[in-house]
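Colleague: The structure is given below, and queries will be raised subsequently.
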Amino acid sequence: MAFPNGDLEEAVRMEAPSDVEAGDGMVCELDKALYGLKQVAQVWNKTIRNKLRATGFQQSTADKCIYVKSTGSEHAYLYLYVDDPIITGPTDTEIETVAAALAAEFKMKAIGELLFFLGICVRYIPTSPRLHLVQGRYIKEVVAHFNQSDAKPV
């Protein structure tokens with residue numbers, strides 16, 4: 001999804017880019033939020049939150065990045081990290097339905113099964129509904145950063 005998707009509610013003006021012909025003293029008025037604009041995060045959050053609510057999701061009170069959609073005893077979850085959503089649910093059909101609703105509104109592409117996110121390797125256990133979260137790469141980076149790669153355990 002594209003982070004600057006939201007409409008601006010107030011007038012924001014900027015100098016015209018160098019490749020745009022504009023007269024002296026002319027400025028551009030923005031309709032949409034752009035990367036680098038201080039309002040972009042708030043505008044994006046409001047835009048995606050409203051879309052998720054319209055599709056039946058409720059924002060978690062414990063973590064504003066987590067959205068839950070309950071249907072009877074089943075729950076679909078969406079975790080949003082800036083503009084990268086992770087969608088999980090009771091069935092592939094539910095996940096695809098959520099993804100399709102978002103894709104109808106925002107430019108996005110599905111990358112398939114989650115394997116790596118925020119430095120965490122995700123390993124699925126095929127015989128179980130569980131998964132393992134592994135931070136081996138991060139641990140190696142921390143050890144190397146502190147020049148402890150050759151250290152011996154005590």
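Bear in mind these aren't lab numbers, they're just calculated from the coordinates by the rules spelled out. Everything numeric here is computed off the predicted structure, so don't read it as measured data. Cβ sites come from the backbone with ideal geometry, for glycine too, and all protein chains shown count toward neighbours.
Colleague: Please list, in order along region 120-134, the HN-Hα scalar couplings obtained from phi with the Karplus expression 6.51 cos²θ - 1.76 cosθ + 1.60 (θ = phi - 60°), rounded to whole Hz, x for Gly and Pro.
Modeller: 10, 7, 9, 10, 8, 9, x, 8, 9, x, 9, 9, 10, 10, 10
Colleague: With each run of n ≥ 4 DSSP H residues scored as -39500 (n - 2.57), what mean residue ellipticity at 222 nm is computed for the chain after dividing by its residue count and rounding to the nearest 500 deg cm²/dmol? Walk me through the intermediate numbers first.
Modeller: Working: 3 runs with 39 residues, N = 154.
Calculated mean residue ellipticity at 222 nm is -8000 deg cm²/dmol.
Colleague: Using the alpha-carbon atoms, what tilt in degrees (0 to 90, nearest 10) does helix 136-145 show relative to the longest principal axis of the chain?
Modeller: 80 degrees
Colleague: Please compute the volume of the convex hull spanned by the alpha-carbon atoms of region 113-154 and report it per residue in Å³. Present the calculation step by step, with values, prior to reporting the outcome.
Modeller: Numbers: hull volume 4.1 nm³, N = 42.
Dividing the Cα hull volume of region 113-154 by its residues yields 96 Å³.
Colleague: Which angle between 0 and 90 degrees, to the nearest 10, do you get for helix 40-54 versus the longest principal axis of the chain when only C-alpha atoms count?
Modeller: 70 degrees
Colleague: Now for a different question. Of Met108, Val154, Pro126, whose Cα points farthest to the positive end of the dipole of region 96-154 (charges on the beta-carbon: +1 Lys, Arg; -1 Asp, Glu; origin at the Cα centre)?
Modeller: Val154
Colleague: Given R₀ = 30 Å, FRET efficiency for Glu15-Lys107 by Cβ-Cβ distance, to 0.05?
Modeller: Details: r = 27 Å, r/R0 = 0.89.
So, using R0 = 30 Å, E works out to roughly 0.65.
Colleague: Fewest to most neighbouring Cβ within 10 Å: what's the order for Ile48, Ile111, Ile139?
Modeller: With the fewest neighbours first, Ile48, Ile111, Ile139 line up as Ile111, Ile139, Ile48.
Colleague: Quick one: what Rg and Dmax do you get for region 72-135 from the alpha carbons, in Å?
Modeller: In Å, with Rg to one decimal and Dmax whole: 12.8, 36.
Colleague: Taking the Cα centre of region 113-154 as origin, sum charge times position over the Cβ atoms of Lys and Arg (+1) and Asp and Glu (-1), and report the length of that vector in debye to the nearest 20.
Modeller: Magnitude of the dipole: close to 120 debye.
Colleague: How far, in degrees from 0 to 90, does helix 92-105 lean away from the longest principal axis of the Cα atoms of the chain, to the nearest 10?
Modeller: The helix 92-105 is inclined about 20 degrees to the chain.
Colleague: Another one. Tally Lys/Arg at +1 and Asp/Glu at -1 over every other residue whose Cβ is under 15 Å from the Cβ of Met26; what's the total?
Modeller: -4
Colleague: Quick check: pseudo-label points 7 Å beyond the Cα along Cα→Cβ at Ala41 and Tyr81, how many nm apart are they?
Modeller: For Ala41 paired with Tyr81, the spin-label model returns 1.6 nm.
Colleague: Can you tell me the dipole magnitude for the chain around its Cα centre, using point charges on the Cβ only (Lys, Arg +1; Asp, Glu -1), in Debye to the nearest 20?
Modeller: Dipole about the Cα centre, nearest 20: 840 debye.
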